[in-house]
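Following: one structure in structure tokens, then a few remarks.
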């Protein structure tokens, strides 16, 4: 059985041509990275790091998945490493935002204070132009988030990671995670309401 697996890995290495990776997968991997990051330069760097790591790990590629899937998994790990790095620098941002947004809710009953209460967007779901415009505004609002907040939000809502996995990956406590998610949603809502007419 072990010999079979080694034979399959050797066969896959023969069919795997690292010289063609850039041509075949660079655009896809870049789009994947940029959808999860907000910095084009970082996305390009992580794609390059992905190719380098794949080249170094080629002997371990067993062919249980396609090259594209394997490279995407490596890129996911690179993005998670980037998020971890951002998380280590971002906990001070959480503390600062807590003091900045203390007036959003009534301290006695927990309800919204009137100036910060959610407002109706008036979005017609069957109008593709409005949906595209809202998407562009949302993208702009996401770019304004602190790096840690963006990392947590994108891992949760783009990559569909569980809360536990995000906390483990970014070395956050449950309380920090929920504070970050809450503050991120408040900021996104405020930004959307400000820029959406």
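Values quoted throughout were computed directly from the atomic coordinates according to the rules given, and no laboratory measurement underlies them. Just so we're clear, the structure is a prediction, and the values are computed from it rather than from any experiment. Please note: Cβ atoms are built from the backbone with ideal geometry, for glycine as well, and neighbour counts cover all protein chains shown.
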Item to complete: Give the peptides 130-142, 149-161, 165-177 in descending order of average Cβ contacts within 10 Å, highest first.
Response: 149-161, 165-177, 130-142
Worksheet entry | Pairwise FRET efficiency - residue 137 versus residue 45, Cβ, R0 = 22 Å, nearest 0.05 | 0.20
Practice prompt. May I ask for the distance between the Cα centers of segment 120-187 and segment 13-52, given as a whole number of Å?
Written response: 24 Å
Response to the item:
Pseudo-spin-label distance residue 130 to residue 31, built 7 Å along Cα→Cβ, given in nm, is 2.8 nm
Worksheet item: How many nm separate the modelled label positions at residue 52 and residue 158, each set 7 Å beyond the Cα in the direction of the Cβ?
Response: 2.2 nm
